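Colleague: Let me begin by handing over the structure; questions about it come next.
The values are calculated or read from the model by the stated rules, or taken from the named source; none is laboratory data. Since we're looking at a predicted model, the values are computed, not measured. No Cβ is skipped: glycine too gets one built from the backbone with ideal geometry, and neighbour counts run over all protein chains shown. Please note that ligands, DNA and RNA were not included when accessible areas were found on the heavy atoms of the full protein model with its side chains. Shrake-Rupley method; radii C 1.70, N 1.55, O 1.52, S 1.80 Å.
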Amino acid sequence: MTGYSWSTPVVMAMPALGVNGPEDDALEWDSVNWRVHEDNVRRLRQRIFTATQEGDWPKVRNLQKLMLRSRSNTLLSVRQVTQRNAGRKTAGIDGEVALTSEARADVAVRVHSSIRTWTPCAVRRVYIPKASNRAKLRPLGIPVIMDRCHQARVRNALEPEWEARFEPRSYGFRPGRSCQDAIGAIYTTCKGPR
């Protein structure tokens, strides 16, 4: 015997959980278990992909709505925009960048609370040199950080559906595809069956 009785109530210190994450909006960015959130988003993306391949469109739409409401999706989108992207230090017209953990947590809370009420802001227009002729300039629009986070959230919901519908041998501007994949496909096609 361990001395434990089934009649003894066990009190565990846990935050009050709502349907989609903690009810209080306090978020400790450095203590987030990223693997759990990545697994949640990966599983939802896989379910959307599978439902699209099966042609179950009501299920696809419901899963996409679930992905858009997902707290894991919001956290990963904010992490992608504020930590991993090369343009994370570039501000939009509001001048806001989120370089500290507290700022990232604040952005995540604001993004998740404004899911239904968000209206996009204007982009900041910057002129950069063209690749073909460095003397000429081309316009570049830089959205505010909240718009980038919302775009990343929506991309996670829509991309699995698109990937399931695309041709299997399409390689341009697709996630996980590269020039080497296209070269390999050309090589195996030219080589023929032997």
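Colleague: Taking springs between alpha-carbon atoms closer than 10 angstrom, which of GLN151, GLN80, GLN180 fluctuates most in the Gaussian network model of the chain?
Modeller: Among GLN151, GLN80, GLN180, the largest mean-square fluctuation in the Gaussian network model of the chain belongs to GLN180.
Colleague: State, in angstrom, two size descriptors of segment 34-136 derived from its alpha carbons: Rg to one decimal place and Dmax to the nearest whole number.
Modeller: 17.6, 52
Colleague: Would you work out the relative contact order for segment 52-194, in percent, from Cα pairs under 8 angstrom that are 6 or more residues apart?
Modeller: Reported relative contact order: 26 percent.
Colleague: Could you list the square roots of 5 times each eigenvalue of the Cα gyration tensor of the chain, that is, the equivalent ellipsoid semi-axes, sorted largest first and rounded to whole Å?
Modeller: The answer is 37, 28, 16 Å, longest axis first.
Colleague: What residue among ALA103, ALA152, ALA135 has the largest mean-square fluctuation in a Gaussian network model of the chain, using Cα springs under 10 Å?
Modeller: ALA135
Colleague: Counting alpha carbon pairs within less than 8 Å and at least 6 residues apart, what relative contact order, in whole percent, applies to segment 107-156?
Modeller: Computed over segment 107-156, the figure is 35 percent.
Colleague: Continuing with this model, one more query. Nearest 10 degrees, 0 to 90: what angle lies between the long axis of helix 179-191 and the longest principal axis of the chain (Cα atoms)?
Modeller: The two axes meet at around 60 degrees.
Colleague: Quickly rank 112-123, 39-50 as a protection proxy: mean count of other C-beta atoms within 10 Å, highest first.
Modeller: 39-50, 112-123
Colleague: In nm, what is the difference between 0.36 nm times the number of residues separating ASP56 and ALA164 and their Cα-Cα distance?
Modeller: My answer for the length gained is 37.6 nm.
Colleague: Mind telling me which of GLU28, GLU167, GLU38 comes out most flexible in a GNM of the chain, alpha-carbon contacts under 10 Å?
Modeller: Maximum fluctuation in the GNM of the chain, among the listed residues, is at GLU167.
Colleague: Ignoring ligands, DNA and RNA, what percent of the accessible area of segment 42-194 is carbon or sulfur (1.4 Å)?
Modeller: 55 percent
Colleague: Please sort by residue number the GluC sites (Glu not before Pro) in segment 82-179 whose DSSP state is loop and whose Cβ has at most 11 other Cβ atoms within 10 Å.
Modeller: Sites meeting the loop and neighbour criteria: none at all.
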